[in-house]
Amino acid sequence: MAKTPNLPSTQRGGFLGLFGTATKKSWEAENIKPASDISLSDAYTYGASTTIASLIGNVKGGVRTRQQIYQDWLNMGQDSICSSSIKLLTTTALGGHDTTGDIVFIEKKPEIQKDQKLSKLVEDIAKAVGPILNEVIYSAAYTGAQYGDAYGRIYANSKGVKHINVDETLHPSLVQPFERGGITAGYAVFIGEKSFERLDISQVARLKMPRIQLIPQYGIIEKSLKIAIAQDDIEQLPLMPSLAGGSLLYPAEDAYNKLNNTLLGLVAQRMNVSLDHRIVGLQMEGMTKEQQDKFGASVVAMFKKVKEVVAESVRTGKPITESIISILPMHAEKQLVNLSQGNTAQQTLNIDDVLVHARLLAGAFGTDLSNLGFLDQVSGWMGDSGLARTSSQAAENSRGIRIGAAEFCHHVIDIHCLKRYGIVFDKSNRPYQVNFYGSISALESERQRTNNDKANAVLVMGQAMQVFKDMGATEEIMENLLSKHFMLDEEDAKLYAKIVNAAPPPMADAGMM
């Protein structure tokens, strides 16, 4: 006979025990206590000895400093494909009003509609803070998508927030945020007379993109040694610097480098093709030693001159539009001899590899070249005029931008309420909600499409139910049909199956007369 497992008694725990809820003591004994049996020797025995140092020590691309990472992202931001992709994702994430261009909408929650005091409070907040957020939210979201963080200097007084400044003085590379348990606690800003200023969260609003990828960088090892991972009280955790991360550019770095190398090779080929260098021989018989020395020196000078011309062309990016003719003295014949035919018509350039890497770079952002100015490219988006709102990939990649932008807005509103009303609403009790709308919002488009699909499915199911009802299906047959073929839950199938016993409305009979 099988041994009966020891289950927590449902007769304990007071009133909640009636619902089969485990008591605190029994739940902890079953789920928490086993962790105390884990030992260091067991971990090493089964190969779990990886450290942060070994994890980042052999990564592709190596470990970089914080400034090197931001410098690479700054260079990538100057690329047309990267810049257009981030702009597209930012627009699809935030949307915008069709006429006014407003992006942020601070609206009352449905449950406070009847509370006049809270309703008036939300209206005042929207009127005071809404225009300020609309001025800076797009630039903050774009910067956050590029660097993983964006910062706005908050200027407020006793009447609330008056202005938010988002410019180069708070560039992400100049601001070092500090966190306690992942929650922003303050900032070190490397500007000013002493190249250091200390600011708190009431002075700076941070747009923090979700950290979804590990970026190898110096500081991770030091942070792993100092952090108190076993400490449960978040107030007792040490203040730690936040590392670079969250940028949408990081997954595209490899594709960007390959595209740059490919373009560099293509440009070098074009420069070489544009160079028309011909060597012409001049026959000279009976040269003396002195003449021979001069001849050798002139040949060397000739090649150096050509090299300088090519280098200058590559440096300035200007093609060589004229032929370079060099005179080479020769013996035994007294005529000019053309020893080379030039380079202009000898090479055929191919850009297929460039387009492949360009597509890979655009694909790293979830976008398509056809939406970034390459309208001659065939893509799945072209069936709907190539609009960004038709791409679920762009919508999903934009979700992180919307998350960061929403938290940015909530933080600014919290500071406004603190300064003006002396209160800060708890996250779960906020009487308002921050929304992003607009027909150009990819997320909103996907939501509307999903709702339309659900509505169409309900209509088809209703028509099928009417057909089976007219055929004389019983309640049991209808329930089986809905649960097995329309994949409804058992409870919903039982509820809808009762319609076979429902009498038709009076108006239906009158309409048939």
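Of 242, 224, all but one fail to be in the same structural domain as residue 170 (by TED's automatic domain parsing), within 20 Å of residue 72 (Cβ to Cβ) and of a type outside the set (Phe, Trp, Tyr); the exception is 242.
Output yes when any residue across segment 138-161 is surrounded by fewer than 16 Cβ atoms within 10 Å (Cβ to Cβ), in contact with a strand residue (DSSP E or B) (Cβ under 9 Å, 6 or more places away or on another chain) and under 30 Å from residue 244 (Cα atoms), and no when none is.
If we filter segment 138-161 for residues that are surrounded by fewer than 16 Cβ atoms within 10 Å (Cβ to Cβ), which is where we start, we get 139, 155, 157-159.
Remaining after also requiring in contact with a strand residue (DSSP E or B) (Cβ under 9 Å, 6 or more places away or on another chain): 139, 155.
After this cut, where a residue has to be under 30 Å from residue 244 (Cα atoms) as well, the list is 139, 155.
Yes, segment 138-161 has at least one match.
Just to be sure I understand the filter: pairs with C-beta atoms under 9 Å, separated by 6 or more residues or on different chains, first member in segment 107-121 and more than 20 Å from residue 133 (Cβ to Cβ) and in contact (Cβ under 8 Å) with a residue 12 or more places away in the chain, second member surrounded by 14 or more Cβ atoms within 10 Å (Cβ to Cβ) and of a type in the set (S, T, N, Q). Which pairs pass? Hits for this filter: 112/119. Here residue 102 qualifies as buried (at least 16 other Cβ atoms within 10 Å of the Cβ) and either within 22 Å of residue 402 (Cβ to Cβ) or in contact (Cβ under 8 Å) with a residue 60 or more places away in the chain (or both). Looking across segment 162-179, the residues that are surrounded by fewer than 20 Cβ atoms within 10 Å (Cβ to Cβ) and either within 24 Å of residue 240 (Cβ to Cβ) or charged (D, E, K, R) (or both) come down to 162, 167, 168, 171, 173, 174, 176, 178, 179.
Does residue 109 count as over 30 Å from residue 368 (Cβ atoms) and either of a type in the set (S, T, N, Q) or in the same structural domain as residue 411 (by TED's automatic domain parsing) (or both)?
yes
When residue 96 is tested against (1) out of contact with any Lys or Arg (no Cβ under 9 Å at 6 or more places or on another chain); (2) surrounded by fewer than 17 Cβ atoms within 10 Å (Cβ to Cβ), just one condition goes unmet, and that condition is (2). Set side by side, the residues 206, 180, 153, 198 differ, and just one is within 20 Å of residue 415 (Cα to Cα), out of contact with any Asp or Glu (no Cβ under 9 Å at 6 or more places or on another chain) and in the same structural domain as residue 223 (by TED's automatic domain parsing), which is 198.
If a residue has to be under 15 Å from residue 118 (Cα atoms), aliphatic (A, V, I, L, M) and in a helix (DSSP H, G or I) to count, how many in segment 404-434 make the cut? So the count comes out to 1.
The values are calculated or read from the model by the stated rules, or taken from the named source; none is laboratory data. Because the structure is a prediction, the values reported are computed rather than measured. Every residue, glycine among them, receives a Cβ derived from its backbone with ideal geometry; neighbour counts consider all protein chains shown.
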